[in-house]
């Protein structure tokens, strides 16, 4: 199953660029929750707590268990969501904004799942080729409870010049591939050897006037 992370968030009551800048200066990240509601819900959460939970890296198939508290009503809402979009500051690479998408039990969702290779291809081990991992994620559709952590592919029988396409993958139970069936996931190609030819060294010309 997909990795699940618990995040505490609060409903935002101030909006605009300046309000968001104040949040970031205070160590918080603005966010918006989309999905199963009439209007998108503006949120904010502690940036350091979030980064510690995700260990500095976000995968497409991570499920976030959001505990949302409203400052005005002091009511707490618990729900599950995935990341729809994440924004970073391009120079400092700091977290700027996140869009969450709410997950609803019994409702199909589509998301990208990473593809993981199992084993060493025969075309690499015996044929001396090079494994190319061309498409690293595949688009799937499933219920929230069926989201896989990854799609594992046995590549041990992949020969030199062979390829594995999306249509060759085996979908876990409850999961349907909706990606292009012709998309290439793995390929074993010939290694390229660059031949270098040493240029002949010219003999020094005799000095002028020598006998």
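The values are calculated or read from the model by the stated rules, or taken from the named source; none is laboratory data. Quick caveat: nothing in here was measured; it's all calculated off a predicted structure. FYI the Cβ positions are ideal-geometry reconstructions off the backbone, even for glycines, and counts take in every protein chain you see.
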Residues of region 171-183 satisfying the condition of being at pLDDT 95 or above and assigned to a loop (DSSP other than H, G, I, E, B) = 178, 179, 180, 181, 182, 183
task = Select from region 165-184 the residues that are on the phi > 0 side of the Ramachandran plot and out of contact with any helix residue (DSSP H, G or I) (no Cβ under 9 Å at 6 or more places or on another chain) and list them in ascending order.
result = none
message = Can you tell me which residue is nearest to the chain's Cα centre (by Cα) among those in region 160-170 that are outside any loop (DSSP other than H, G, I, E, B) and touching a residue at least 24 places away in the same chain (Cβ under 8 Å)?
response = 166
inquiry  = Which count do you get for residues in region 1-31 that are surrounded by fewer than 17 Cβ atoms within 10 Å (Cβ to Cβ) and within 29 Å of residue 148 (Cβ to Cβ)?
reply    = 6
inquiry  = Given (1) farther than 26 Å from residue 149 by Cβ; (2) under 23 Å from the mean Cα position of the chain (by Cα); (3) assigned to a loop (DSSP other than H, G, I, E, B), identify the lone condition not met by residue 44.
reply    = (3)
request  = Kindly provide the set of residues from region 131-156 that are over 16 Å from the mean Cα position of the chain (by Cα) and at pLDDT 95 or above, ordered by number.
outcome  = 131, 132, 153, 154, 155, 156
query = Out of all the residues in region 145-164, which are surrounded by 17 or more Cβ atoms within 10 Å (Cβ to Cβ) and over 13 Å from residue 113 (Cβ atoms)?
reply = 155, 158, 160, 162, 164
message = If I ask for residues that are over 25 Å from the mean Cα position of the chain (by Cα) and modelled with pLDDT under 85, which ones from region 51-75 would you list?
response = 70, 71, 72, 73, 74, 75
message = Here are the criteria: (1) at pLDDT below 90; (2) in contact with a helix residue (DSSP H, G or I) (Cβ under 7 Å, 6 or more places away or on another chain); (3) outside the structural domain of residue 65 (by TED's automatic domain parsing). Tell me which single one residue 205 does not satisfy.
response = (2)
task = With the condition kept exactly as written, say whether any residue in region 127-150 is outside any helix (DSSP H, G or I), free of Cβ contacts under 8 Å to residues at least 24 places away in the same chain and in contact with a strand residue (DSSP E or B) (Cβ under 8 Å, 6 or more places away or on another chain).
result = yes
query = (1) in contact with a helix residue (DSSP H, G or I) (Cβ under 8 Å, 6 or more places away or on another chain); (2) in a strand (DSSP E or B): which one isn't true of residue 24, the others all being true?
reply = (2)
